Amino acid sequence: MNETLRILAFGTSVEFVEEISLIHSDPGFEAHCHRETPTFELAMETGNFDVVIFEAGADDAALGRLIAKSKAANPQAVSLVATKSVADRPVEIARQEDIDGMLEIPMSLNTLIDAIRRIVEKNSGGNKKTLLVVDDIYSMRFLLRKILEAADYNVLEADSAAKALNMVSLSGIDAVLLDVMMQGMNGLELCEKLKNNPTTTGLPIILITARGTKDNIKEGLDAGANAYIVKPFTRQDICAKVEQVLESA
């Protein structure tokens, strides 16, 4: 994606405005944030934007009206909702209005930019699937990345469940490969959280672990996993399971 992306944003909090300012500092983006509804609507009516980002707030009805207006002004533009929590009610309202994706703020500039680009690419008809690899051991993430990139997937990494929770709130991730035995929140706990969250319940999850007894496998599937891979695994094992869960999604 070589062309500059034009971003139009509407929000009132200091945190949101600062995030948009950070995006504008990247040479690949031209971002403008409006804090007043009238000026935002005037800018929106021109249709001169590729991405429009709305900050989720307390007024569900107002958010819904603005989303509908942006779709009318530029049906091809990608529409996103930024929120401090994917559990916010405005996100549910936004999803009913055909929002293309969600951003959870605050996040690092690189994460934010990658998320926007990934959503835009996905909505522009790109065929590559994006997978999130979650493991607290670097060598295992490296191995899985090499296997999956060789199979023509986009690959993102998280070295903890906490980071993964933030990343999966972003639209554009098609499946998660999740190690069970991690420090802090383990893979089973993360899997249950994702499956119990309405915004991520349909996300395919593959558990990867050295624990391969029937009871271990049952425990993983009971946590909501779509598939289970026991170490040591082969390249074929990984690719076959990924294809299986993506086809079933």
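The values are calculated or read from the model by the stated rules, or taken from the named source; none is laboratory data. None of these values were measured; they are calculated from a predicted model. We place every Cβ from the backbone using ideal geometry, glycine too, and count neighbours over all the protein chains shown.
Among the residues making up the stretch 9-35, a single one is of a type in the set (S, T, N, Q) and under 21 Å from residue 45 (Cβ atoms): 12. Could you go through the stretch 9-27 and let me know if any residue there is without any contact (Cβ under 8 Å) to a residue 60 or more places away in the chain, more than 19 Å from residue 105 (Cα to Cα), of a type outside the set (Val, Ile, Thr) and in the same structural domain as residue 117 (by TED's automatic domain parsing). For the stretch 9-27, residues without any contact (Cβ under 8 Å) to a residue 60 or more places away in the chain, more than 19 Å from residue 105 (Cα to Cα), of a type outside the set (Val, Ile, Thr) and in the same structural domain as residue 117 (by TED's automatic domain parsing): present. Does any residue of the stretch 108-122 turn out to be at pLDDT 90 or above, over 21 Å from residue 224 (Cβ atoms), of a type in the set (D, E, K, R) and touching a strand residue (DSSP E or B) at 6+ places or on another chain (Cβ under 9 Å)? Checked against the condition, which is being at pLDDT 90 or above, over 21 Å from residue 224 (Cβ atoms), of a type in the set (D, E, K, R) and touching a strand residue (DSSP E or B) at 6+ places or on another chain (Cβ under 9 Å), the stretch 108-122 yields no hits at all.
How many of the residues in the stretch 190-225 are of a type in the set (D, E, K, R) and in contact (Cβ under 8 Å) with a residue 24 or more places away in the chain?
Selection size over the stretch 190-225: 5.
Give all pairs with beta carbons closer than 9 Å in which a residue from the stretch 64-84 that is under 19 Å from residue 39 (Cα atoms) and in the same structural domain as residue 37 (by TED's automatic domain parsing) meets a residue that is among the aromatic types (Phe, Trp, Tyr) and assigned to a helix (DSSP H, G or I); count only pairs at least 6 apart in sequence or on separate chains. From the stretch 64-84, the pairs are 66/40.
Which of the residues spanning the stretch 170-179 are in contact with an Asp or Glu (Cβ under 9 Å, 6 or more places away or on another chain) and either of a type in the set (Asp, Glu) or under 16 Å from residue 228 (Cβ atoms) (or both)? Walk me through how you get there before you give the answer.
Taking the stretch 170-179 first, the residues in contact with an Asp or Glu (Cβ under 9 Å, 6 or more places away or on another chain) are 170-172, 177-179.
Correct list: 177, 178, 179.
Considering only residues that are in contact with a Lys or Arg (Cβ under 9 Å, 6 or more places away or on another chain) and part of a loop (DSSP other than H, G, I, E, B), look in the stretch 133-171 and name the one that is surrounded by the fewest Cβ atoms within 10 Å (Cβ to Cβ). Per the criteria, the residue is 152.
Residues of the stretch 160-182 being at pLDDT 90 or above, under 16 Å from the mean Cα position of the chain (by Cα) and of a type outside the set (Gly, Ala, Ser), which ones? Once the filter is applied, which keeps residues that are at pLDDT 90 or above, under 16 Å from the mean Cα position of the chain (by Cα) and of a type outside the set (Gly, Ala, Ser), the stretch 160-182 yields 174, 176, 177, 178.
The set of residues from the stretch 202-215 being surrounded by 17 or more Cβ atoms within 10 Å (Cβ to Cβ) and either at pLDDT 90 or above or more than 18 Å from residue 240 (Cα to Cα) (or both) comprises 203, 204, 205, 206, 207, 208.
Working only within the stretch 1-25, note down all residues that are over 20 Å from the mean Cα position of the chain (by Cα), assigned to a loop (DSSP other than H, G, I, E, B) and farther than 11 Å from residue 55 by Cα. Passing the criteria: 2, 3, 4, 25. Tell me yes or no: at least one residue of the stretch 229-237 is closer than 27 Å to residue 106 by Cα, assigned to a loop (DSSP other than H, G, I, E, B), at pLDDT 90 or above and outside the structural domain of residue 109 (by TED's automatic domain parsing). Looking for residues that are closer than 27 Å to residue 106 by Cα, assigned to a loop (DSSP other than H, G, I, E, B), at pLDDT 90 or above and outside the structural domain of residue 109 (by TED's automatic domain parsing), one finds none in the stretch 229-237, hence no.
Please work out if residue 232 is loosely packed, with under 15 Cβ neighbours inside 10 Å and under 18 Å from residue 141 (Cβ atoms). Spell out how you get there, then give the answer.
Numbers: loosely packed, with under 15 Cβ neighbours inside 10 Å: yes; under 18 Å from residue 141 (Cβ atoms): yes.
It is true that residue 232 is loosely packed, with under 15 Cβ neighbours inside 10 Å and under 18 Å from residue 141 (Cβ atoms).
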